[in-house]
Amino acid sequence: NYIPGQMNIWEGDFPNTNDLTDGYLGVSPAINYEPNGYGLYNMLGNTWEWVSGGSKTERILRGGSFIDSFDGSFNHMVIVSTRQTNSGDSAGSNIGFRCARTAIELESDTTEL
């Protein structure tokens, strides 16, 4: 269920008025909202993310951005399965990519001295 202020999307009368319920008119800092159950931030809204796949001429984007709506009443519906294509040489303030790293589990030393 959508909870206002939990992700960076357009909230209001698009394109005239953004209510700024989420606190931002454009891109928000990556750690502005709580992470999901997997510890990942901004999986929806904020910026469309380039993902693997597509071709040299058409690249795949997922997730929606700060100019999209939670219910698809304008622009795109912001849900995990939302996808679109864009040319590989395009750019915009609402398109980005995710930096990720592999989590390394450290073994704690349980040896008593």
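The values are calculated or read from the model by the stated rules, or taken from the named source; none is laboratory data. Keep in mind it's a predicted model, so treat the numbers as computed, not measured. Note that each Cβ is placed from the backbone with ideal geometry, even for glycine, and that neighbours are counted across all protein chains shown. What goes into the accessible areas is simple: the full protein's heavy atoms, side chains included, and nothing from ligands, DNA or RNA. Shrake-Rupley method; radii C 1.70, N 1.55, O 1.52, S 1.80 Å.
Just give me the residues in segment 68-92 being closer than 21 Å to Leu40 by Cα and open to solvent by 50 Å² or more (accessible area, probe 1.4 Å), in sequence order. The answer is Phe70, Met77, Ile79, Val80, Ser81, Arg83. The one condition from (1) within 14 Å of Phe97 (Cβ to Cβ); (2) open to solvent by 30 Å² or more (accessible area, probe 1.4 Å); (3) in contact with a Ser or Thr (Cβ under 8 Å, 6 or more places away or on another chain) that Phe14 does not meet is (1).
In the set Glu49, Glu34, Glu11, only one residue is in a strand (DSSP E or B) and charged (D, E, K, R); that residue is Glu49. Inspection of segment 21-41 identifies no residue that is in contact with a strand residue (DSSP E or B) (Cβ under 6 Å, 6 or more places away or on another chain) and open to solvent by 90 Å² or more (accessible area, probe 1.4 Å).
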